[in-house]
Structures are given as C-alpha cells and as structure tokens.
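> Have a look at the structure that comes next, please.
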Amino acid sequence: MGIEDSYQYEMKDGLRSGENRLVLADEGAAMGDSAPSVLISLADDEGNSVSVYVLGRSPRWTAGLDAEIVVKTAFVSGRIDLALYVARLRDWADALDRLDAGEDVAWMAMSSGPSIFIQLTGERDCPEVIVEDESGSMVTVRVPLVPPDGWIADHRLRLRQVMDHWLPMLSG
C-alpha cells in the first residue's frame, strides 16, 4: 500500500498557539482556506521545539516546496531553508513508521541541505531531535524534548494534509 492511500484522517485546524510562521498560500487564499503548513511540530513543556514549516511552492522549481526548519530553545534558536519534494515526504512517512516501531531515524541524511535525526533515547535519557547542516553552516543542534503522547499519529495526519494539498500542484 502506497503513502497516498495508507492513512485515513479527518481535517483538523492543525494550528498551535505560538506558531507565528504560518503562511497562507496563494492557492488556499483563493479558496478561502489556509494551506497546511506545519509538517513537523515537536515540542515539550520546557519550551524546546523543532518544527518544519511548508512555506509554499518553490518559484525556482516546479516539483518542489519551499520550507524551513525552525529550532527554538531557551539557549539557542535558529532557522534554515529546506527544499521538500515528493521523495522527501515519502521518506518522512517511512521515518514515522520506523519511529513507531521503536527505531531511531535519520531524515534527509546524506543529501544536500540539512538533516534531521530523531533518537528515541538520546544522551540525556530522553528523546532528542538533532538538526545538522553539514553542507552549509556546518552547525549541529541537539534538542532534548519529550513529545506528547500520540505524536506519531499527529505527524502522520500532518503529513497526509500536506501531501493532499500540495502534491497535486507539483510537477514532476
């Protein structure tokens, strides 16, 4: 069963307080509804978070989406641009399946641009999200956080909403 037909969902708002980088896509604005823009939202009660926001179709590449990774902690905050395309979204679906099976994952590792690693038991005996920009800034950020119960199902829903909205608009 492919990613396109493997998940059932019902549409939800998807917005959380404090998310200020949400972008109303031109396609959604024309129809009066907002496009799904939060692919990943991993956060804890301590204020640590790693998010991936879909900003819209790439004006430079018709088969891709402009996105960004945003890291927020009490110590360090930052963002980095990210290109998303169908294969990367499918790889994220595979990563969610592996996480659900109790495995650590590397998403977008060994590609140009940033990588995201999720370790279910990190150096501090809690889950960690590692954002690495080896090909650009050569900076790595390790964010310990404990996601809420049901976070994998929530992220499958987010992925489904992003794919349902954006994939029909991409060529290639």
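> Quick one: which residue in 69, 40 is out of contact with any His (no Cβ under 9 Å at 6 or more places or on another chain) and crowded, with 19+ Cβ neighbours inside 10 Å?
69
> Also, quick follow-up: Could you tell me which residue of region 140-164 is surrounded by the fewest Cβ atoms within 10 Å (Cβ to Cβ), considering only residues that are part of a strand (DSSP E or B) and without any contact (Cβ under 8 Å) to a residue 40 or more places away in the chain?
Taking region 140-164 and keeping what is part of a strand (DSSP E or B), we get 140-144.
Among the residues that remain, those that are also without any contact (Cβ under 8 Å) to a residue 40 or more places away in the chain are: 140, 142.
Values: 140: 13, 142: 17.
Restricting to residues being part of a strand (DSSP E or B) and without any contact (Cβ under 8 Å) to a residue 40 or more places away in the chain, the top hit is 140.
> Something else: Could you grab the pairs with beta carbons closer than 7 Å, sequence gap of 6+ or different chains, first residue in region 114-128 and surrounded by fewer than 19 Cβ atoms within 10 Å (Cβ to Cβ), second one of a type in the set (Val, Ile, Thr) and in a loop (DSSP other than H, G, I, E, B)?
Listed pairs, sorted by first residue: 126/146.
> Now a separate question. Can you confirm whether residue 106 is in contact with a Phe, Trp or Tyr (Cβ under 6 Å, 6 or more places away or on another chain) and in a strand (DSSP E or B)?
yes
Since every read-out is calculated from the coordinates, none of them should be taken as a lab result. Keep in mind the model is a prediction, meaning the values are calculated, not measured. No Cβ is skipped: glycine too gets one built from the backbone with ideal geometry, and neighbour counts run over all protein chains shown.
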